[in-house]
Amino acid sequence: MLAETTVPTQAEEGPGPAVERLAAAVRELVAAGAPRLLAAGVGAPGPLDLPAGRFIGSPNLPGWDGFPLREELAGRLGVPVWVDNDANVAALAEARAGAGQGARVMLYVTVGTGIGGGLVVDGRLFSGANGNGLEIGHVTVDPDGPPCGCGNRGCWEALASGPALGRLAEQRLGKNPRSPDGRWTAAGVLERAEQGDAAARALMEEYAGWLGLGLASMVNAFNPDRVVLGGGVMKRYALLAPAMEREMRRRALAANAAAARLCPAGLGGRAGLIGAALLAWDGLAG
Ligand SMILES: [Zn+2]
């Protein structure tokens with residue numbers, strides 16, 4: 001990493017000003033002495049139309065539907081641009097430079113406000129037909145489960161994302177005495193569990209079971225030799241791992257479970273950044 005900077009997306013202002021801010025930030029880095037710009041890589045929230053480099057109705061980016069990100073950014077920077085899903089590029093980074101190094105089939109799972117995934121096979125990212133492969137958070141795990149932001153119900157992320165743990169705590173534990181508004185967050189529950197609180201610990205184990213249940217299906221579907229777990233919730237990997245792994249091994253086919261080694265992500269919040277750069281690197285290399 002030679003240089004880095006951060007600018008807010010300010011998505012509500014629309015894609016035009018955001019892409020302009022992005023291009024300006026890149027120009028500033030180059031002006032500040034970074035080497036000549038050859039290409040750019042972008043990890044963007046899905047859903048995407050990857051062949052066209054466009055957004056398709058992203059729930060987190062209202063008004064961005066159809067925006068041709070790749071074309072707009074390439075026009076402003078004057079270099080070729082590669083775009084992929086943000087979880088996919090983070091997977092690429094973990095496989096090449098993080099906790100997935102040496103794996104042949106690496107499944108990356110990110111657990112935070114949602115659940116995302118990426119698959120890297122023999123060093124190459126699998127993105128699906130139009131960039132929306134490995135949308136593993138939207139695999140149905142309970143047909144009558146809670147509603148999901150995607151419009152379905154009982155998706156894995158509706159039961160096993162960070163906010164899902166917060167909701168579970170509100171139902172079971174009542175108000176959070178340590179929070180001014182009485183609300184629970186995943187971090188709040190996990191902190192209490194770590195301190196040995198029995199109720200928080202039981203809730204954490206139940207939640208980790210939902211994580212393991214979904215992982216069992218992923219391990220059966222993709223037969224990875226490494227499963228790398230990242231995202232905000234997985235900062236507490238050591239706490240969640242025993243119950244999560246037990247449930248995964250209990251449900252997965254024995255041969256698939258035997259092949260799969262679980263481990264925490266190695267690059268933290270920088271995985272997306274590094275992965276996007278690798279995407280451009282690979283793109284240039286052809
Ligand atoms: Zn969903």
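The values are calculated or read from the model by the stated rules, or taken from the named source; none is laboratory data. Just so it is clear, the model here is predicted, and its values are computed rather than measured. As a convention, Cβ positions derive from the backbone with ideal geometry for all residues, glycine included, and neighbour counts pool all protein chains shown. The protein model used for the area step is the full one, side chains on, heavy atoms only, and it has no ligands, DNA or RNA in it. Shrake-Rupley method; radii C 1.70, N 1.55, O 1.52, S 1.80 Å.
Listed values, structure above:
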| read-out | value |
| --- | --- |
| Condition check for residue 90: within 24 Å of residue 220 (Cβ to Cβ), in contact with a Ser or Thr (Cβ under 9 Å, 6 or more places away or on another chain), of a type outside the set (Ser, Thr, Tyr) and more than 16 Å from the ligand (Cβ to nearest atom) | yes |
| Residue satisfying all of: in the range 234-255; open to solvent by less than 20 Å² (accessible area, probe 1.4 Å) and in a helix (DSSP H, G or I); nearest to residue 192 (Cα to Cα) among these | 240 |
| Qualifying residue in the range 27-41 (condition: at pLDDT 95 or above, crowded, with 21+ Cβ neighbours inside 10 Å and under 30 Å from residue 219 (Cβ atoms)) | yes |
| Residue within the range 203-214 that is farther than 25 Å from residue 256 by Cα and within 16 Å of the ligand (Cβ to nearest atom) present | no |
| Hey, residue 109 under 21 Å from residue 207 (Cα atoms), modelled with pLDDT of 95 or more and open to solvent by less than 10 Å² (accessible area, probe 1.4 Å) or not | yes |
| The range 142-159, residues that are open to solvent by 40 Å² or more (accessible area, probe 1.4 Å) and more than 9 Å from the ligand (Cβ to nearest atom) | 142, 143, 144, 146 |
| Of all residues making up the range 194-230, the number that are part of a strand (DSSP E or B), open to solvent by less than 10 Å² (accessible area, probe 1.4 Å) and not aliphatic (A, V, I, L, M) | 1 |
| Hits in the range 160-193 (condition: part of a helix (DSSP H, G or I) and within 16 Å of the ligand (Cβ to nearest atom)) | 160, 162, 163, 164, 167 |
| Criterion: aliphatic (A, V, I, L, M), under 18 Å from residue 61 (Cβ atoms) and under 18 Å from the mean Cα position of the chain (by Cα) - qualifying residue of 105, 83, 111 | 83 |
| Enumeration of residues in the range 5-26 that are loosely packed, with under 11 Cβ neighbours inside 10 Å and of a type in the set (D, E, K, R) | 12 |
